[in-house]
1. Can you tell me which residue is modelled with the highest pLDDT among those in the range 71-110 that are over 25 Å from residue 45 (Cβ atoms) and touching a Phe, Trp or Tyr at 6+ places or on another chain (Cβ under 7 Å)?
2. Within the bounds of the range 23-46, is there any residue that is in a helix (DSSP H, G or I), basic (Lys, Arg) and closer than 19 Å to residue 120 by Cβ?
3. Identify all residues within the range 59-78 that are open to solvent by less than 30 Å² (accessible area, probe 1.4 Å) and in contact (Cβ under 8 Å) with a residue 40 or more places away in the chain; write none if there are none.
4. Could you list all residues from the range 162-217 that are over 28 Å from residue 119 (Cβ atoms) and either in contact with a Lys or Arg (Cβ under 8 Å, 6 or more places away or on another chain) or of a type in the set (Lys, Arg) (or both)?
5. Hey, can you tell me all the residues within the range 79-93 that are without any contact (Cβ under 8 Å) to a residue 24 or more places away in the chain and touching a helix residue (DSSP H, G or I) at 6+ places or on another chain (Cβ under 8 Å)?
6. Quick one: would you say residue 113 is assigned to a helix (DSSP H, G or I), free of Cβ contacts under 8 Å to residues at least 12 places away in the same chain and either open to solvent by less than 50 Å² (accessible area, probe 1.4 Å) or within 22 Å of residue 76 (Cβ to Cβ) (or both)?
7. Going through 97, 42, 56, 81 one at a time, which residue ends up being of a type outside the set (A, V, I, L, M) and surrounded by 15 or more Cβ atoms within 10 Å (Cβ to Cβ)?
8. Under 7 Å by Cβ, and 6 or more places apart or on different chains, what pairs join a residue from the range 145-161 that is without any contact (Cβ under 8 Å) to a residue 24 or more places away in the chain with one that is open to solvent by 60 Å² or more (accessible area, probe 1.4 Å) and not acidic (Asp, Glu)?
Amino acid sequence: DLLRLYIRNHNIDWWYYGIIFLSFVGAKLYLYGLNIPIKDIFIFVALNITSFIALFMLREDYRTWIKDKRAVRKKRGVIVFKIALLRCMFLVPWLVFLFFPLESEIFYLHLLGYCFIFCAISVYASVSSPYWPLLIIDIGILVLFSLFMMLLNGDVAEAVYAQGIVCAFAVACFFTSLRNNSAAKKFITNENALKKAAQEAAESSKAKADFLAVMSHEIRTPMTGVMGMVDFL
C-alpha cells in the first residue's frame, strides 16, 4: 500500500513536467545564451530525448500498477528495481544537460543545476516519503551527482561549499520526511480500517435483511392459516 501511494504521488500530468522543462531550459538559454557549438546542441537533444523516453516509460508503468493492485504486491521487488532504473535514466541525462559543460572554472555555469537539485530534493522529501527505499534512491541520485560534479571541479572553491550545502540540505529533508512517512502509514492504516469497517457493516446489513426476510416468511405462512381458522370460527 505504501508503494502504491508512492506511485500515485509520482503519477502527475504531463503539463507539470512541461512547466519544469520549459522553465529550466528557458533559464539555461537566458543565463548562458545561445553560443553553443553544434556538437553540443546534438548532445543536448540526445540527453533530453533519453530523459523523456524514461519518463514516458515510468508514466505508463505507473498507470498499469495503479490499476493492478495484485501486481504491486506480488512483484514488489521487480517494480522497485524498475522504478529505480528508470529514475536514473530520467534524472542523470537531465542533470548532465543542466550542468553542461561538466568541467568549468566558473561556478556560475553550474548554478542552474544546483538550483534544480535543491528543488528536486525538497519535492522528493514529500512525494517519495511513503516508501523508504525509493526515497533514498531519489535523493541519493541527486547527492551522488553533485558529489561527482565536486570531484570534477575540485579546483573551484564554490563547488566544495555547494556540495556541503547539498549534503546538509539532503539530510535535513530526509529527517523531515520522517513525519511524512509516519503520516502516510497512519493514512494507510486508517484507510484499511475504514474499508474493513465498511465491509463488516455491509455484511451485517445483509445478514439482518436475510434474517428479516426469512422470519417474515416463516411468520406469515402460519399466521395465514390462523387468520383463516379465526375467520371460519
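The values are calculated or read from the model by the stated rules, or taken from the named source; none is laboratory data. Note that the structure is predicted; figures quoted are calculated from it, not measured. Ideal geometry is used to build each Cβ from the backbone, glycine not excepted, and the neighbour counts take in all protein chains shown. Just so you know, the surface numbers come from the protein's heavy atoms only, side chains and all, with ligands and any DNA or RNA stripped out. Shrake-Rupley method; radii C 1.70, N 1.55, O 1.52, S 1.80 Å.
1. First, the residues of the range 71-110 that are over 25 Å from residue 45 (Cβ atoms): 71-84, 105, 107.
With the extra rule that they be touching a Phe, Trp or Tyr at 6+ places or on another chain (Cβ under 7 Å), the set shrinks to 71-72, 79.
Numbers: 71: 73, 72: 73, 79: 88.
Here the answer is 79.
2. Of all residues in the range 23-46, those in a helix (DSSP H, G or I) come to 23-32, 38-46.
If we keep only those that are basic (Lys, Arg) as well, we get 28, 39.
Of the ones still in play, those that are also closer than 19 Å to residue 120 by Cβ are 28.
Looking through the range 23-46, at least one residue is in a helix (DSSP H, G or I), basic (Lys, Arg) and closer than 19 Å to residue 120 by Cβ.
3. Residues of the range 59-78 open to solvent by less than 30 Å² (accessible area, probe 1.4 Å): 59, 61-62, 65, 71-72.
If the condition is that a residue be open to solvent by less than 30 Å² (accessible area, probe 1.4 Å) and in contact (Cβ under 8 Å) with a residue 40 or more places away in the chain, then 59, 62, 65, 72 are the ones that fit.
4. 195, 196, 206, 208, listed by residue number.
5. Start the filter on the range 79-93 by keeping residues that are without any contact (Cβ under 8 Å) to a residue 24 or more places away in the chain, which leaves 81-82, 85.
82, the sole residue that qualifies.
6. On the way: assigned to a helix (DSSP H, G or I): yes; free of Cβ contacts under 8 Å to residues at least 12 places away in the same chain: no; either open to solvent by less than 50 Å² (accessible area, probe 1.4 Å) or within 22 Å of residue 76 (Cβ to Cβ) (or both): yes.
For residue 113, the condition - assigned to a helix (DSSP H, G or I), free of Cβ contacts under 8 Å to residues at least 12 places away in the same chain and either open to solvent by less than 50 Å² (accessible area, probe 1.4 Å) or within 22 Å of residue 76 (Cβ to Cβ) (or both) - is not met.
7. Details: 42 fails: surrounded by 15 or more Cβ atoms within 10 Å (Cβ to Cβ); 56 fails: surrounded by 15 or more Cβ atoms within 10 Å (Cβ to Cβ); 81 fails: surrounded by 15 or more Cβ atoms within 10 Å (Cβ to Cβ).
Matching residue, one of 97, 42, 56, 81: 97.
8. 150/160
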